[in-house]
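Working notes for the structure below.
The values are calculated or read from the model by the stated rules, or taken from the named source; none is laboratory data. Every value quoted in this text rests on a predicted model; they were computed, and no experiment measured them. Positions of Cβ are backbone-derived with ideal geometry, glycine not excepted, and every protein chain shown enters the neighbour counts. Calculation scope for accessible area: heavy atoms of the full protein, side chains included, ligands and nucleic acids excluded. Shrake-Rupley method; radii C 1.70, N 1.55, O 1.52, S 1.80 Å.
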Amino acid sequence: MPPTRPNSATNPPATTTPVTNPSSSTTVGTLTTVSTTEGTSFGGKQAIAGAHIYLFAANTSGWGQPSVSLLNPRMPGVSIDKDGAYVTSSSSGNFSFTGLYSCTPGQQVYVYASNGNPGFSGVVVNPVIGMLAIFGACPASGSFAGQISAFVINEVSTVATAYALAGFMTDPTHVGSGNSANALAGLANAFSTYNNLVDLGTGTAKAYNDQGNGFIPQTKINALANLLVPCINSTGSGSACDTLFAATRPSTNDPLPANTAVAVLNMAHNPGLNVATLFKLAAAASPYLPTLAAAPNDWTLTITFFSDDMPGPYYPAVDSQGNVWVPGYANGNLLKFSPTGNILLDTRNGGLKQPFAVAIDAQDSPWIVNFIPGANSVSVLLNNGSPVTQTPYACGTNCFFPAFDPSGNLWLSGTDHTTVLAPSGSKVSSFLTDAYTSGIAVASNGSAWTLGHNGALYHLTLPSSSTRLTQSLTAATGNDLTPVAIDSADNVWFVSSRNNTLGKADPNGAMVSPAGGYTGGGLGGPAGIAIDGSNRVWVANRDNNSVSQFSNAGTALSPTTGFGTDSYTAGGVNIGLSGPRGIAIDPSGNLWVANFTYNSVTEFVGVATPVATPLSAANHGRLP
């Protein structure tokens, strides 16, 4: 049964509410923490005085480039240091940007605060304070005056910013992307994700998205915020900061985090880090409520979006704007979710019937495999949901997974044939295969890879070349769900749901993984596979209700339980992964998983490296 949505009368979604009521021509902020002594919360907000407050825009000239400083150092009250121009917070934590900056319309803007006195008497500066908040896209006027009158920067806003921008942030002063349309869309979507997590005006974590179909992990966001509090409310030296920075250091080869913003960014990038140790920091000081009662499995932040009209979601795909297309297998429909989880489209056009898997072509049109035993077909829609044709294209018996080649031909894996359709829908070729529910992927040279019975690894090339290679990872006979993906070096990756293994073959089909495959990382009934922009491998686990992460060398990066096994309660509903199948990565670095047994999709915020979309033979494992 689908969960009950929150009642708007009793659980209204959070909205952006100013903390003061200044005139609409000003943009003022308040930098706060929560006063604590020996882990006991006394409530109320504690101002951070004397902090440096920067206004930055993301740099779109390249990945890893320094952020663009927006404050004008020639204006009164504006100073400058190695990081950029800044204003200084007052004894009450207040500061103003009014009249001190201009931004280019469309620039993605955020706020960074460093250093400051968190409430000690005398001249005390905590040099490891780092806090963040997001404004978003610069308005046409070149200023946020009239749009953002007042806002709060605190530990909660810091967590939300670090996770939302994890795919683009190297450190708090380096947020950058490429300048392709796909990269710019991913960057804008990442900034917008902030508003799903926190209320800008109050600095409080949300429980629901504004549309009411998304459940936000409010308790985990607050727990992450709470574990920053002991260090921020200190002089910067002592056990609280020492423990935080040691526990959020990715490896001994990496430097210790420079400040609290870097610490939480490291957690977003490495969500399996020292969970128990970090939770003790959160439990010692819990001013932000509600919070976690026990240590989580990991530090991933997941948002689950529901639709009452989406039972049995299977294998999704992401278009160039970051929209997520999800087939509703049981209802015969296709849903289009915006990059922030809003339902933009719910259609049954184009002869959809038991839709199983989606691929997006170069024109951003979804092609959907309809799994009708003995009479499979492919429906094609425009990006607005209109059907290209009301009569689906035939694809032979028992087609499963789709993938496009550089010429726009659609390759379709199947039980006894792999079929190739032209962009017009006519059949180009057909290859004999002996398979089960096998995936398919197309390399940069236009050749395709799929799997079959008795250890078959098929390499197929138009017009009719077929080479049967061998591998030892999949089940010899019977059904075995074996999705396939390709990285940027044209290595072929695949999983076996029956044998709980991950395999890798080189571009010629020679096995790279050991005879038993790569294991660990929480693999359990692996049902979906995706490659991110760093060529890391992500797997959705049907049996374990988790996601596994592997390096490109096959090393498990996720814990033995996988990521995402935590569940939480929102609106009286238990929220978590449920029979996950398809998995897709968007150009913001968010990982999307379809929950087949719970009419929902789950977004892992900022956990992956952004990847070019829609997925094509030319961009596997590449940045947007």
Find the relative contact order for the range 172-219 and round it to a whole percent, using C-alpha pairs within less than 8 Å whose residues are 6+ positions apart.
21 percent
Dipole magnitude of the range 407-563, debye to nearest 20 (Cβ charges: Lys/Arg +1, Asp/Glu -1, about Cα centre):
60 debye
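Rounded to two decimals, what is the ratio between the C-alpha radius of gyration of the range 507-577 and 2.2 N^0.38 Å?
On the way: Rg = 14.2 Å, N = 71, 2.2 N^0.38 = 11.1 Å.
So the Cα radius of gyration is 1.28 times the expected 2.2 N^0.38 Å.
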At 7 Å along the Cα-to-beta-carbon direction for both residue 293 and residue 464, put a label point, then send me their distance in nm to one decimal.
6.8 nm
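Over the chain, calculate the relative contact order: mean separation of alpha carbon pairs under 8 Å at least 6 apart, over the residue count, as a percent.
On the way: 1841 pairs, mean separation 71.1, N = 624.
So the answer I get is 11 percent.
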Just give me a number: lysine pairs in the chain, eight or more positions apart or cross-chain, with C-alpha atoms less than 28 Å apart.
11
Positive end of the charge dipole of the range 200-331 (Lys, Arg +1 and Asp, Glu -1 on Cβ, about the Cα centre): tell me which of 243, 226, 290 has its Cα farthest that way.
243
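If R₀ is 51 angstrom, what is the calculated FRET efficiency for the pair residue 276 and residue 477, using the beta carbon separation as r and rounding to 0.05?
Result of the calculation: an efficiency of 0.70.
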Got a number for the accessible area of residue 511? Probe 1.4 Å, square angstrom, nearest 10.
60 Å²
Return the sequence-ordered ³J(HN,Hα) values of the range 496-512 in whole Hz as given by the Karplus equation 6.51 cos²θ - 1.76 cosθ + 1.60 applied to θ = phi - 60°, using x for Gly and Pro.
10, 5, 7, 9, 6, 10, 10, x, 9, 10, 6, x, 9, x, 6, 5, 9
Under a plain spin-label model, where a point goes 7 Å from the Cα along Cα-to-Cβ, how far apart in nm are residue 96 and residue 181?
4.2 nm
Return the distance in nm (one decimal) between the two label points of a simple spin-label model at residue 424 and residue 618, each offset 7 Å from Cα along Cα→Cβ.
2.3 nm
Rounded to the nearest 10 Å², what accessible area does residue 210 show when all protein chains are kept and the probe is 1.4 Å?
90 Å²
Under unit Cβ charges (Lys, Arg +1; Asp, Glu -1), what dipole magnitude, rounded to 20 debye, does the chain have relative to its Cα centre?
220 debye
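Nearest 0.05, what FRET efficiency do residue 253 and residue 72 give at R0 = 45 Å with Cβ-Cβ as r? Kindly include the intermediate steps, with their values, before the conclusion.
Details: r = 40 Å, r/R0 = 0.89.
Efficiency, rounded to the nearest 0.05: 0.70.
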